[in-house]
1. With angles folded into 0 to 90 degrees, how steeply does helix 67-81 sit against the dominant principal axis of the chain? Use alpha carbons for both and round to 10.
2. Identify which of 131, 118, 230 has the largest mean-square fluctuation in a Gaussian network model of the chain, with springs joining Cα atoms closer than 10 Å.
3. Using a 1.4 Å probe, how large is the accessible area of residue 238, given in Å² and rounded to the nearest 10?
4. Would you calculate, for the chain, the mean residue ellipticity at 222 nm contributed by helices, counting each DSSP H stretch of 4 or more residues as -39,500 (n - 2.57) and dividing by all residues, to the nearest 500?
5. What's the angle, to the nearest 10 degrees (0 to 90), between helix 202-212's Cα axis and the longest principal axis of the chain?
6. Name the residues whose placed amide hydrogens come within less than 5 Å of the amide hydrogen of residue 88, ignoring near sequence neighbours (fewer than 5 apart) on the same chain.
7. Can you list residues whose amide H is under 5 Å from residue 38's amide H, if they're 5+ apart or on another chain and H is modeled 1.01 Å from N?
8. Heavy atoms only, probe 1.4 angstrom, no DNA, RNA or ligands counted: give me 6, 106, 95 ranked by accessible area, highest first.
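The values are calculated or read from the model by the stated rules, or taken from the named source; none is laboratory data. Note that the structure is predicted; figures quoted are calculated from it, not measured. These accessible areas exclude ligands, DNA and RNA; they are computed on the full protein's heavy atoms, side chains included. Shrake-Rupley method; radii C 1.70, N 1.55, O 1.52, S 1.80 Å.
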Amino acid sequence: MILLKDKVAIITGANSGVGAAAAKLFASEGAKVVICARRAEPLEAVAAEIRAENGEVLCVPTDISDKASVEALVEKTIAAFGKIDILVNNAGVLDSSFAGIVSYDDGELLRMLNINTMGTMNCIRAVIPHMTAGASIVNINSIGGSKGTAGVTYSASKAAILGVTKQIALCYASQGIRCNAVCPGGINTPMTSGMDYSKIDMSVMQAIGAHTDGNITSSEPEEVANVALMLACSLSATVTGQVIVADKGGSL
């Protein structure tokens, strides 16, 4: 069964991790994928893998925090494929210090909000006018947003998108456009593996560890991409405005 035959999907942050896994998976399921991230070189590497499997892909270097850059992404997608059926909002950044409420840096908060919150909203705002009934928006979020198990600035930026997810779902349900969020726990990606733990606020980490009893299990990017696929395709046609926690039970 080809789940995304003839669908056009924009996937942000597709240079590595969940975004790259989703791009390859969606292409294998018949979608024409438009992949974006800030740097062209890693995007082209992902595109080469997709083309090697006879998938159709367009690379568009994009800064999602820049409205004009996102508008250009959408324009190039429409010019190439004529429509947009799916948006996977995966691009985002981590708080470098896991800081708590008394120690967070104002500049770090602005960085989180500009990319994780405003960047995601930029993408939704730009694609919505081109979507019709059956379209799906999937926001790759985090249990940091749904459970607070991260630094305060990251948690704030991700929690905001959970509200946006429900608001978009509510406002566009009558048009048949769905919007859902996926909240993974830890994911084995280059972004998480490259964290500098010497900068981490250990008091926050200890509080999270005490609350979860250390029961935090990481997922592979492909596992999260599978959940995104489910929400993007017609198998979940009755699902909108939902927050799907996909952390292997770590937050139970």
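1. The angle comes out at about 30 degrees.
2. With Cα springs under 10 Å in the chain, the top fluctuation among 131, 118, 230 is at 230.
3. Its heavy atoms expose roughly 130 Å² to the probe.
4. It lands at -12500 deg cm²/dmol.
5. That helix lies at roughly 70 degrees to the long axis.
6. Residues meeting the criterion, in which the H sits 1.01 Å from N, are 10, 11, 12, 138.
7. Long-range HN contacts for residue 38: 62.
8. The residues order as 106, 6, 95, largest area first.
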